[in-house]
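Asker: One structure is given below, represented as structure tokens, and several questions about it will come after.
The values are calculated or read from the model by the stated rules, or taken from the named source; none is laboratory data. From a predicted model like this one, the values you see are computed outputs, not experimental measurements. Don't worry about glycine lacking a Cβ; one is built from the backbone with ideal geometry, like all the others, and counts go over all protein chains shown. For the accessible areas, the whole protein counts, side chains as well, though only heavy atoms, and no ligand, DNA or RNA atoms are used. Shrake-Rupley method; radii C 1.70, N 1.55, O 1.52, S 1.80 Å.
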Amino acid sequence: DTWRAEYFANRWLVERPMLIRQESAIDFNWGGGSPGPALPADDFSARFQRYVQFEAGTYRFTVEAQGGVRLWVDDRLLIEHWQEQEATYSADSTLSAGYHRVRLEYFEAAGGAAVKLSWGRL
């Protein structure tokens with residue numbers, strides 16, 4: 001399964017994406033660069049989405065980022081830190097068995113750019 005990734009040439013996820021591609025994981029360290037030549041090294045954003053099959057249980061979602069992030073599971077906002085900083089955030093969610101929509105939004109304003117999403121069952 002892959003993530004649908006949409007990359008924007010601004011930090012607000014607006015207008016049309018400058019790059020759309022499939023990503024195998026959300027585990028990026030662009031350093032002082034960007035995800036592609038059509039995007040600026042500063043002031044870009046990304047939206048990653050996919051459906052993930054989970055067993056019933058409680059899961060801890062963890063986002064490591066240099067930049068701002070928001071994470072939703074089934075349209076429920078679990079993590080919101082929409083400011084430029086380097087940090088790790090975690091949130092727990094109890095899920096039923098089956099497919100759940102996971103969406104991560106990210107922006108980078110200046111300096112280094114990196115984002116990583118992981119989860120594990122508790």
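Asker: Is the shape of the range 1-52 best called rounded, prolate or oblate, per the rule: a/c under 1.5 gives rounded, else a/b larger than b/c gives prolate, else oblate, with a ≥ b ≥ c the square roots of the Cα gyration tensor eigenvalues? Show your work: numbers first, answer last.
Answerer: Working: a/c = 2.15, a/b = 1.40, b/c = 1.53.
Oblate shape, in that a/c is at least 1.5 and b/c is the bigger or equal ratio.
Asker: Size of the dipole of the chain about the Cα centre, Lys and Arg at +1 and Asp and Glu at -1 on the beta carbon, nothing else charged, in debye to 20? Let's see the in-between values first.
Answerer: Working: 13 positive and 17 negative charges, 69 e Å.
Approximately 320 debye in magnitude.
Asker: May I ask you to give the percent of accessible area on the chain that is carbon plus sulfur, with a probe radius of 1.4 Å?
Answerer: Here carbon and sulfur together make up 45 percent of the probe-accessible area.
Asker: State in Å² the accessible area per residue of the chain; use a 1.4 Å probe, count heavy atoms of protein chains only, and round to the nearest integer.
Answerer: Working: 6100 Å² over 122 residues.
With the other protein chains kept in place, the chain gives 50 Å² per residue.
Asker: Then there's this: Considering the Cα positions of the chain, please state its Rg to one decimal place and its Dmax as a whole number of Å.
Answerer: 14.0, 41
Asker: Fully extended, how many nm does the chain gain between A38 and A109 (0.36 nm per residue separation, minus their Cα-Cα distance)?
Answerer: On the way: separation 71, 0.36 × 71 = 25.56 nm, distance 1.62 nm.
Here the answer is 23.9 nm.
Asker: Quick one: compute the contact order of the chain, relative version, from alpha carbon pairs under 8 angstrom and 6+ residues apart, as a percent.
Answerer: Details: 329 pairs, mean separation 39.0, N = 122.
Computed over the chain, the figure is 32 percent.
Asker: Applying the Karplus parametrisation 6.51 cos²θ - 1.76 cosθ + 1.60 with θ = phi - 60° to the phi angles of the range 42-56, what ³J(HN,Hα) value in whole Hz is obtained for each residue in order, glycine and proline being reported as x?
Answerer: 10, 6, 10, 9, 8, 10, 10, 9, 6, 9, 10, 8, 10, 7, 4
Asker: Also, I was wondering about something else. What list of whole percents do you get for P(r) of the range 50-100, with Cα-Cα distances grouped in 10 Å bins up to the one holding the largest distance?
Answerer: Percent of pairs per bin, in order: 24, 51, 22, 3.
Asker: Going toward the positive end of the dipole of the range 15-122, with +1 on Lys and Arg Cβ and -1 on Asp and Glu Cβ, which of A109, S45, S96 do you reach last?
Answerer: Value: S96.
Asker: On full extension of the chain, what length is gained from E15 through T94, given 0.36 nm per residue of separation minus the C-alpha to C-alpha distance? Intermediate values should be presented prior to the final figure.
Answerer: Values: separation 79, 0.36 × 79 = 28.44 nm, distance 3.42 nm.
Computed gain between E15 and T94 is 25.0 nm.
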